[in-house]
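Report on the following structure.
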Amino acid sequence: MSDPSQFISAAEAQKPFFAGIDVGGTNIKIGLVDDLGRRLAYHSVPTDAERGPEDATCRMAEGLAHVIKQAGVSSNDVVRVGLATPGPLTLDTGVLLTPGNLPGWWNFPIRDRVSEHCGKPVRYANDANAAAYGEYWCGAAANCHSMVLLTLGTGIGGGIVVRDLLIEGAHGCGSECGHILIDPSPDARVDSLNHTGSLEAYCGSYAVVGRANDKLDAGTKSTLSKLREAGKEITPLDIAQAAEADDCLARQIVMDTARYLALGLVTLIHTIDPDHVVLGGAMNFGGAGHPLGEAFLKHLCSELRPRLLTALQETMKISFATLGGDAGYIGAAGLARLEYNDLNQ
C-alpha cells in the first residue's frame, strides 16, 4: 500500500495530472500523479476477476473518480490515463489476450473499455514494463540514461528503458527478460511455459522452491525438512527465513539464485549497456538494508562483474527498486504523460 507520507497536496502539485491503473490478479491499484511524478492520491479495489472484465473496468472508472475527489483536483486537469495489465496483450489494438491469472478476461478490448468508462484517452502497457518505467522516471533509476528492471516473483518480469523509450517490441513482448536462455543443456530446468533453461526456470519463485526440494530429495540436511515432514509446502519465505537462521542449504539456494540472475544479466547488460540495473518484485530476500537482501545483492555483483567487459565492471549500478508496489501505477501514469507530451509538442 502507498505510504501516505509520500503524497503531496494539490496546492504543491504541478499540472497537468495523470492517472495510473495497475491491474493484478488480486487487486487493482489506482493512483494520481502530477507532471513530475509526485503522488497525490491512491486507491485500491479487489480485482474480483470472476465478475468479469467489463465489471472491473466500470470499477476502475469509479476508482479514478475516487482519487480525483480524494486529491481535491478538477477532473479536467487529469488529461490521460495509463493502464497496466499482465500479458500477453496487443499494444496496437489494446486487447488483453490470454493472461494466466485472469482466465475469464481473454481477448477483451480492455484499453478502449477503460477509456470509455473513464472518459479519458488511455495509454496501455504490460505491467512489468510499466513498473520499469516507474522506477526509471522517479524511482531507483531516476536521472539515469537507461535501465533494466528484473521483477522477482512467481516468474521473472522485466523492463528496459533507454532515453525515455520503453522497449516494448513489435508484438508487445519486448523486455521479456525472464525468458532469456541461461542453460542450453538438455536436462536444464523447465519454466512455466515448458521451455527449458530460461532465467525464470532457475529464478522464479517456483524454481527456487523446486531447487530446494531437489536438494532435500537428494538427502541434504536442512531445517526445511521439518516443514515437509509436517505436510507443508516450502515457500520462498520459508527459504529466506531459514537462510537468515544460517541454514546451509537455504543459504546456498539464495546465493545460487543470485548466481543464476547474474548469468542472465550478463547478456542483458552487454546488449543494452544500461546505466542501472534494478531488482524489484516480492522475492527480494528482504531487499535493501536487510542483511540477507544485502548479502544476496553482494553475491550477485561478485558473480556478475568478472563476467562483464572491463569498462563496465565498476561503473554498472545495481540496486533494489524503491517504489515497491506503487511502481506499476506510477509507471503507467508516466507512460500516459509521455504519450500526452508527444501528441502536444
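Read the figures in this text as sums done on the coordinates, not as results from a lab. Predicted model only: the values in this text are computed from it and were never measured. We place every Cβ from the backbone using ideal geometry, glycine too, and count neighbours over all the protein chains shown.
Measuring between alpha carbons in the structure, the pairs from Lys69/Lys120; Lys226/Lys298; Lys29/Lys120 lying more than 20 angstrom apart are Lys226/Lys298.
Along the axis of the charge dipole computed for the chain (Cβ charges of +1 for Lys and Arg, -1 for Asp and Glu, origin at the Cα centre), the listed residues Ala84, Thr315, Trp106 are led at the positive end by Thr315. Coordinate range of the alpha-carbon atoms in the chain per principal axis, descending: 63, 48, 39 Å. May I ask which residue of Ala295, Leu237, Gln252 lies farthest towards the positive end of the charge dipole of the chain, with charges of +1 (Lys, Arg) and -1 (Asp, Glu) on Cβ and the Cα centre as origin? So the residue we want is Ala295.
Which value, in Å to one decimal place, does the Kirkwood hydrodynamic radius take for region 143-216 when every pair of different Cα atoms is included? Hydrodynamic radius (Kirkwood, Cα only) of region 143-216 equals 13.3 Å.
Out of all DSSP beta bridges with both ends in region 30-143, state the antiparallel percent to the nearest 5. Can you show the working numbers first?
On the way: 7 of 12 bridges.
Bridges in region 30-143 are about 60 percent antiparallel.
Give, rounded to the nearest 20 debye, the magnitude of the charge dipole that the chain has about its Cα centre when Lys and Arg contribute +1 at Cβ and Asp and Glu contribute -1 at Cβ. Write down the numbers at each step before the final one.
Details: 27 positive and 40 negative charges, 58 e Å.
Around 280 debye, computed over the chain.
Neighbour counting of Cβ atoms within 10 Å sorts the residues Trp106, Trp137, fewest neighbours leading, into Trp106, Trp137.
Structure remark: mean-square fluctuation, Gaussian network model of the chain, C-alpha springs under 10 Å; the largest value among Ala140, Ala130, Ala230 belongs to Ala230.
The Cα atoms of region 144-321 define a convex hull whose projected area, averaged across directions, is 10.9 nm². Considering only beta bridges that DSSP places wholly inside region 144-321, some 55 percent are antiparallel. Dipole orientation for region 144-321: of the candidates Ser146, Val162, Pro186, Pro186 has the Cα lying most toward the positive pole (charges on Cβ; Lys, Arg +1; Asp, Glu -1).
Annotation: the residues Lys120, Lys317, sorted from fewest to most other C-beta atoms within 10 Å of their own C-beta, follow the order Lys317, Lys120.
Taking the chain as a Gaussian network of alpha-carbon nodes connected by springs under 10 Å, the highest mean-square fluctuation of the residues His276, His171, His117 belongs to His171.
Restricted to Cα atoms, region 94-156 shows a radius of gyration and a Dmax of 14.6, 40 angstrom. Excluding Leu263 itself, what net charge comes from residues whose Cβ is under 9 Å from its Cβ, given Lys and Arg +1 and Asp and Glu -1? Within the 9 Å Cβ shell, the charges total 0. Positive contributions from Lys and Arg (+1) and negative ones from Asp and Glu (-1), summed over other residues with Cβ under 13 Å from the Cβ of Leu89, come out at -3.
For Leu96, Leu91, which order do you get if you count the other beta carbons within 10 Å of each Cβ and list the fewest first? It would help to have the intermediate numbers written out before the result.
Numbers: Leu96 24, Leu91 18.
So the residues, fewest neighbours to most, are Leu91, Leu96.
Between the alpha-carbon centres of region 110-174 and region 41-95 there is a gap of 16 Å. Just Glu116, Glu200, Glu50 to compare: in a GNM of the chain, with alpha carbon springs under 10 Å, which one fluctuates most? Judging by the Gaussian network model, the answer is Glu50. Computed over neighbours whose Cβ is under 11 Å from that of Arg59, the net charge equals -3, Lys and Arg +1, Asp and Glu -1. Computed from Cα positions, the angle between helix 291-304 and the longest principal axis of the chain comes to roughly 80 degrees.
To the nearest ten degrees, helix 205-217 and the longest principal axis of the Cα atoms of the chain are 20 degrees apart. Helix 248-272 and the longest principal axis of the C-alpha atoms of the chain enclose an angle of approximately 60°.
Take the Cα of Asp214, step 7 Å toward its Cβ, do the same at Cys248, and the gap between the two points is 2.0 nm. What you get for region 144-321, charging only the Cβ of Lys and Arg (+1) and of Asp and Glu (-1), is a dipole of about 280 debye around the Cα centre. Most simply put, the chain has about 55% antiparallel DSSP beta bridges, counting only bridges with both residues inside it.
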